[in-house]
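FYI, it's all coordinate maths here, none of it is from the lab. These figures come from a predicted structure and were not determined experimentally. Here Cβ is always computed from backbone atoms with ideal geometry, including for glycine, and neighbour counts include all displayed protein chains.
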Amino acid sequence: MIHLLPYLEERINSEKSPEDIYMILRSVTNSRKDVLFTNEEFIGQVYPLGFSIYPKVNGRNSFRPKLTGNVVENDGGSTINIILQMHIVTRVFLLIWFGMVCFSFLCGILAVFTGDLEGGTLILKSLGFIIFGQILMRCGFYGSAGKALKRLRELLC
């Protein structure tokens, strides 16, 4: 299923216990609010059976994923269920932005059907904004998400 906004669900099976996973994640996560210059790989909160963290990025990436997960103990170790999505403020902004662009697109279609040929340029501009916006946010999100998941697999497996 394709989502309007980037979204991933992942599952990592580990041979480590939930306590070991908690200790590993705590060692690579900075939970303080003043995290401009930190050596840890993740920023956020880690709980005994779950976490809510962001990968540390050098530079600015408004589309970086928030990793929210829970740890479930099973006979051979643990299963980590992870949901990756953008920050809520970024999601709200993008939904408003895409809503305005889609409204502009629909106005262009209405203009063309009423005989105004200038509506065609409005349609093309709106399509450009939709396509460019999708490419921009997906590249920013999936690039960081892939790196974060790869690092979590290295740490927890």
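Observations, loosely collected:
- The chain: calculated mean residue ellipticity at 222 nm from DSSP helix runs of at least 4, using -39500 (n - 2.57): -16500 deg cm²/dmol
- Pairs of Lys in the chain closer than 28 Å at Cα, counting only those 8 or more apart or on different chains: 13
- For the peptides 115-121, 50-56, the ranking by mean Cβ contacts within 10 Å, running from highest to lowest, is 50-56, 115-121.
- Degrees between helix 88-113 axis and first principal axis of the chain (Cα, 0 to 90, nearest 10): 20
- Distance (nanometres) between label positions extended 7 Å along Cα→Cβ at Leu127 and Glu15: 5.4
- As computed over segment 65-135, the Cα convex hull volume per residue (Å³): 102
- Selection of chymotrypsin sites (Phe, Trp or Tyr not before Pro), segment 61-131, meeting DSSP coil and at most 11 other Cβ within 10 Å: none
- Cα convex hull, segment 1-155: 115 Å³ per residue, rounded to a whole number.
- Segment 11-30-segment 82-157 distance, computed between alpha-carbon centres (Å): 33
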